Amino acid sequence: MSEQLKNTEYGLEKIFEGAEDFLPLLGTDYVELYVGNAKQAAHFYKTAFGFQSLAYSGLETGVRDKASYVLQQDKIRLVLTTPLTPENKINDHIVKHGDGVKIVALWVDDARSAFEETTKRGAKPYMEPTVEKDEHGEVVKAGIYTYGETVHLFVERKNYNGIFLPGYQAWESDYNPEPVGLKFIDHMVGNVGWNEMNTWVKWYEDVMGFMNFLSFDDKQIHTEYSALMSKVMANGNGRVKFPINEPAEGKKKSQIEEYLDFNGGPGVQHIAVATNDILSTVTEMRKRGVEFLSTPPTAYYESIPDRLKEFQHEMKEDLNQLQKLGIMIDADEDGYLLQIFTKPVQDRPTLFFEVIQRMGAKGFGAGNFKALFESIEREQAKRGTL
Ligand code: FE2
């Protein structure tokens, strides 16, 4: 634990010293999923996750080959895209990977510079800087590939005041379930192949100017059966955090291997979304049918008072209620955090969500890894993939 904390301090100091940042990021702009049926997926994210209808593009707006639904909840924007014709290349992506994240769009002040700075450092281009216009102004987009077939799209929107992007219309819906309190994307985790973690750590350092501010090896992240390794990459201002996982040898199959098998290679494993009130958010999500990983055993909750001694006086949440909802707790030197993980949100055991509430803590719940992974292994055993 002390080693991690030292790393945290070192990393954050370096980040906040503000060494020259050749890729200033204002935050995450949106996350786009390619899915088999965007209309139904949009209904799910509205109903179960409390997203609001924001914008739409498709046949009715003059787009002939794909339909996209844009959903919003506070600062989080999800785009759900499906192909409309057999020829559309998005079909190939869905055949190979199933429903999942294609684009992690990053909000920048200068998309041309973002493209130039990253491609000259070795990024593989996805989209040359492209200007899109409508009556609300113009947006500059440019993109590069990261791990697998995942893309980082740079979005410059300072000269645009439309609802989302040119080509989209406001989506007025009669069906508007209440938000559940999700606020912003805290981090997004990528799974990469055997021995590829350090390659991608170096890629984020060299190409994107990110820094490695936390590391976990397989001695820290393991259960009786399986193991993984993880390094957390963060951009210069710390707003964008991308942990990267790779599988490690264990007695049985790691959850990362299971992901790689079903995703057909590397990709986004989970999207962590922040809330200010995890008790009400999770209560509401459970009511609306979101499936979470099984609750840690009672022994886990019995050990909390001891593990969180330092922060116990600050904790407003009732342990019994946390246990009832299956919410996990961890602490580092800066505070504590509360977190819970959904089951995969599609049939393939690939993408899932994390709901997180940070009460000062800057870590990722290392103290929960064992209980969490045991819970995932119970699901893997049911799927015959452990
Ligand atoms: Fe996470």
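The values are calculated or read from the model by the stated rules, or taken from the named source; none is laboratory data. As the structure is a computational prediction, the values presented were derived from the model and not from experiment. Ideal geometry is used to build each Cβ from the backbone, glycine not excepted, and the neighbour counts take in all protein chains shown. For accessibility, only protein heavy atoms count, side chains too; no ligands or nucleic acids. Shrake-Rupley method; radii C 1.70, N 1.55, O 1.52, S 1.80 Å.
Considering Q339, Q380, the condition of being away from the ligand (no atom under 14 Å from the Cβ) and open to solvent by less than 10 Å² (accessible area, probe 1.4 Å) is satisfied by Q380 alone. Applying the selection to region 255-268, what residues are within 16 Å of the ligand (Cβ to nearest atom) and either part of a loop (DSSP other than H, G, I, E, B) or at pLDDT 95 or above (or both)? Result: Y259, G267, V268.
Considering region 355-377, the residues that are in a loop (DSSP other than H, G, I, E, B) and closer than 19 Å to P247 by Cα include one that is farthest from the ligand (Cβ to nearest atom), namely G365.
Working only within region 280-333, note down all residues that are of a type in the set (D, E) and either buried (at least 19 other Cβ atoms within 10 Å of the Cβ) or assigned to a helix (DSSP H, G or I) (or both). Even if it seems obvious, please write down each step before you answer.
Here is the first cut: in region 280-333, the ones of a type in the set (D, E) are 284, 291, 302, 306, 310, 314, 317-318, 330, 332-333.
Residues satisfying the conditions are E284, E302, D306, E310, D330, D332.
For region 270-313, filtered to residues that are more than 27 Å from the chain's Cα centre (by Cα) and farther than 26 Å from P243 by Cβ, the residue that is farthest from the ligand (Cβ to nearest atom) is H313.
Residues considered: T82, T61. Of these, the only one that is among the β-branched types (V, I, T) and surrounded by 20 or more Cβ atoms within 10 Å (Cβ to Cβ) is T82.
In region 169-189, which residue that is touching a Ser or Thr at 6+ places or on another chain (Cβ under 7 Å) and within 16 Å of the ligand (Cβ to nearest atom) is least open to solvent (accessible area, probe 1.4 Å)? Checked region 169-189; the qualifying residue least open to solvent (accessible area, probe 1.4 Å) is L182.
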